[in-house]
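Visitor: I'd like to ask you about the structure that follows.
Just so you know, all these numbers are worked out from the coordinates, no wet-lab data involved. Since the model is a prediction, treat every value here as computed from it, not as a measurement. Don't worry about glycine lacking a Cβ; one is built from the backbone with ideal geometry, like all the others, and counts go over all protein chains shown.
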Amino acid sequence: MTQTGEHDWAHHYAARTRGMQASEIRELLKLLEDPGIISFAGGIPDPTLFPVAEISAAYTAALESPEKSGHALQYSVSEGYGPLRDWIVGYMGRRGVACTRDNVMIVTGSQQGLDLIGKLFVGTGDTVLVERPTYMGALQAFGPCEPNYDDLLPGSNATAASLAERAKARGGRVAFAYCVPDFANPTGVSMGEAARKKLLDLCTEMDVPLIEDAAYEALRYGGAAIPSCLELDVRRTGSIDASRVLYCGTFSKSISPGLRVGWVCGAKDPIRKLVLAKQAGDLHSATINQMVIHEVATRCYDAQVAKVCAAYRTKRDAMLAALDRHMPKGAQWTKPDGGMFVWVTLAPERDAGAMLPDAIRRERVAYVPGRAFHATGGGENTLRLNFSMPTVERIEAGIARLGKLFA
């Protein structure tokens with residue numbers, strides 16, 4: 001029999017694929033190809049700040065001799081490039097976390113770290129505790145593991161017992177808590193030291209891991225630095241191997257996202273398990289990219305971070321000033337000390353998702369509706385704005401257009 005059209009694949013997919021959904025952000029990133037649209041949508045670093053000359057020189061150095069090039073282009077260990085792991089050991093040490101190479105593994109961007117962590121800890125029907133709102137990419141990473149979600153709300157009256165009971169009633173256990181404590185994606189808000197300690201208390205009482213997504217930690221433009229959750233837990237437990245925190249770091253925001261190099265730092269036992277999961281996925285991250293990141297980080301990491309922070313501070317200030325000038329009465333927004341995002345809350349009756357088509361077609365401005373960041377629903381009158389990518393001039397023009405639309 002002759003078959004026409006496309007094969008129906010839907011009935012072949014495993015049940016867990018129900019948790020796989022297209023990211024609104026990834027779809028909106030396609031808009032960047034249209035220069036006529038001012039995009040506040042993606043969490044995109046400014047490419048004019050990439051250390052191109054240093055990266056180019058590092059690639060040349062990695063390929064200049066048969067010995068180096070053979071290593072750079074060959075299969076390698078799943079744990080990651082040793083000298084880069086040693087650099088990260090020093091980086092974590094300067095942040096109050098004494099560790100060794102065995103406490104660090106390299107991942108293909110910290111997003112892969114979240115994916116591996118979901119596979120390692122989440123069983124079908126288990127509950128993941130997340131902030132409200134939370135990073136959409138984490139929800140995507142954990143989604144195929146078919147978790148339930150419960151809110152990790154600041155000031156919540158939820159107790160360890162009530163959270164555990166709700167998880168049990170849904171057919172599972174609490175797998176872990178996940179947070180972005182510094183300049184959170186999507187809100188830009190940071191968790192204070194007292195709140196971090198309270199979160200550690202909760203996780204300790206429940207005996208669950210805490211996943212600390214530190215993607216934006218280095219991007220501080222004001223205010224005093226706050227110890228990471230991992231540092232605080234190491235202080236109270238005495239060592240990293242006694243800590244329940246897994247810290248996910250990245251070079252994407254400081255050096256380059258295109259090289260796809262991040263890391264997970266934590267106790268040796270879960271790191272060994274994550275390495276096994278990575279072996280099954282991709283064997284190892286690209287060695288040459290790890291070598292390049294190591295060379296660039298060794299030569300100019302602090303200077304590069306300072307350059308990025310100076311540029312983004314100017315853009316953040318421009319966005320906050322433009323919001324003051326153009327947003328309608330009743331709108332509110334966060335005023336972050338760092339990161340890449342401002343979170344806007346409109347009047348309760350407004351729906352940012354419903355207004356997005358008009359924003360794109362009529363005003364030629366893109367943003368991400370806030371409901372995409374809510375694991376358990378809500379957030380219709382909120383939106384996320386990115387200030388790291390657009391120029392100061394486009395920030396002013398875009399916010400003026402949005403102010404007109406929202407009014």
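Visitor: Of LYS119/LYS307; LYS168/LYS335; LYS198/LYS268; LYS68/LYS315, which ones are farther than 32 Å apart at the Cα?
Guide: LYS119/LYS307; LYS168/LYS335; LYS68/LYS315
Visitor: Related question: Once you've got the GNM for the chain with C-alpha springs shorter than 10 Å, pick whichever of HIS12, HIS294, HIS71 has the biggest mean-square fluctuation.
Guide: It is HIS12.
Visitor: On to the next question. To the nearest 0.05, how large is the calculated FRET efficiency for ASP317 and ALA347 if R₀ is 22 Å and r is the Cβ-Cβ distance?
Guide: Efficiency at R0 = 22 Å is approximately 0.30.
Visitor: Rounded, prolate or oblate: which fits the chain, taking a ≥ b ≥ c as square roots of the Cα gyration tensor eigenvalues, rounded meaning a/c under 1.5, else prolate when a/b beats b/c?
Guide: Rounded, since a/c falls under 1.5.
Visitor: Here is a follow-up. For region 174-217 and region 77-113, what is the separation of their C-alpha centers, rounded to whole Å?
Guide: If we compute the Cα centre of each part, the gap is 20 Å.
Visitor: Oh, and also: For region 305-334 and region 244-273, what is the centre-to-centre distance using only Cα atoms, to the nearest Å?
Guide: For region 305-334 versus region 244-273, the Cα centre distance is 29 Å.
Visitor: Between GLN74 and SER162, what length comes free when the chain is fully extended (0.36 nm per residue of separation minus the Cα-Cα distance, one decimal in nm)?
Guide: Difference between extended and current length: 26.6 nm.
Visitor: In deg cm²/dmol, rounded to 500, what helix-only [θ] at 222 nm does the chain give when every DSSP H run of at least 4 residues adds -39500 (n - 2.57) and the total is split over its residues?
Guide: About -13500 deg cm²/dmol.
Visitor: Here is a further query. Which one, THR391, THR134, THR17, has the greatest fluctuation when you compute a Gaussian network model over the chain with C-alpha springs under 10 angstrom?
Guide: THR17
Visitor: Return the single residue from ARG16, ARG173, ARG260 with maximal mean-square fluctuation; model: Gaussian network over the chain, springs between Cα atoms under 10 Å.
Guide: Comparing ARG16, ARG173, ARG260 in the GNM, the peak value goes to ARG16.
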